[in-house]
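Q: Let me give you the structure first, and then I'll get to my questions.
Nothing in this text is a laboratory measurement; each read-out follows from the coordinates by a stated rule. The model shown is predicted, which means the values in this text are computed figures rather than measured ones. Glycine also receives a Cβ, built like all others from the backbone with ideal geometry; neighbour counts cover every protein chain displayed.
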Amino acid sequence: MTHPVHSPRHYTSHPSGIECIDITRHMNFNLGNAVKYLWRNGLKDGQPAIQDLQKAIWYIQDEIDRMERVTVQQRINEIVYDIDNYLADESKADKMLFLDTETTGLGDKAQVIQLAIIDEDGDTIVNTLLDTDSLITPEAYRVHRISKEHIKGYPHFRHIASMVNNLLNGRYVGMYNAEFDMRMLRQSGGMGFKGAIPVCVMQKAKEHFGEEKWLSLADACKRLDIELDNAHDAFADAWATAEVYERIVG
């Protein structure tokens, strides 16, 4: 039986015989409203069908946005937890770190979209994708194959920059191209990272092999018989950088 207030026709006329509220009362606000507007689509007098669909889309998108916000915060919490635990471990106090980034490009507005930090023992401290408001240049995408879709739902670097700064502060940090990686951290994090002690492993490789030109990480690995799988992934490159440093410096 329909009732204009308690059981209006546009919510009770489904062929299944089920009333809309019997379903939506088990859902959260956004999903319940989305189902409600889909359920009554084209049935409510004076309400254009397309408007109901647009309202359903709005509530679905709002729910997606809400879920992504939760996911971002969870990922931030995980990164902070891992860094805090590492810093609290006194046996790790003097360990050298190795860092690598993948970025949106090479220019002065480029941002970090993947960050990996390991220590000299090979322990992983940070390995995460990072969202950004910047466009990923076609040239950068061809190198690392990270798209805007891949990084959606991850934190921006600025959300974890202060914790990364605490981690790097006072430590030797090996990076294959230290000048580039440090510039990317500063551009993305809005802070100087002045406490880190950068070690350019590319410079050490150049000196070790007596080359006038810079060697790529892949070239250095090849000369040192280091297997480099998944090149241009920040974690793989951080690991390879640590291996190159170990072979050269010992």
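Q: Using Cα pairs under 8 angstrom and six or more residues apart, how large is the relative contact order of the chain, in percent? Provide the component values of the computation, followed by the final result.
A: Values: 377 pairs, mean separation 37.8, N = 250.
Computed value for the chain: 15 percent relative contact order.
Q: In straight Cα distance, which lysines are under 24 Å from K204, not counting same-chain residues fewer than 8 positions off?
A: Within reach: K95, K194, K213, K222.
Q: Here is a follow-up. Nearest 10 degrees, 0 to 90: what angle lies between the long axis of helix 49-88 and the longest principal axis of the chain (Cα atoms)?
A: Taking Cα atoms only, the helix is inclined about 30 degrees.
Q: Let me spell out the model: positive unit charges on the Cβ of Lys and Arg, negative unit charges on the Cβ of Asp and Glu, origin at the Cα centre of the chain. What dipole size does that give, in debye rounded to 20?
A: The dipole magnitude comes to about 1200 debye.
Q: For the stretch 41-123, which trypsin sites (Lys or Arg not before Pro) are both in a DSSP coil and crowded by at most 15 other Cβ atoms within 10 Å?
A: When the trypsin sites (Lys or Arg not before Pro) of the stretch 41-123 are filtered for loop state and at most 15 Cβ neighbours within 10 Å, K109 remain.
Q: Now, a different point. Taking the convex hull of the alpha carbon atoms in the chain, what volume per residue do you get, in Å³?
A: Cα convex hull per residue, to the nearest whole number: 178 Å³.
Q: A further question follows. How much length would be gained if the chain were fully extended between F29 and N85, taking 0.36 nm per residue of separation minus their Cα-Cα distance, in nm to one decimal? Mind showing how you got there, number by number?
A: Numbers: separation 56, 0.36 × 56 = 20.16 nm, distance 3.75 nm.
Additional length available on full extension: 16.4 nm.
Q: What is the stretch 113-250's relative contact order, in percent, from Cα pairs under 8 angstrom and six or more apart in sequence? Can you show the working numbers first?
A: Numbers: 175 pairs, mean separation 31.3, N = 138.
Relative contact order for the stretch 113-250 comes out at 23 percent.
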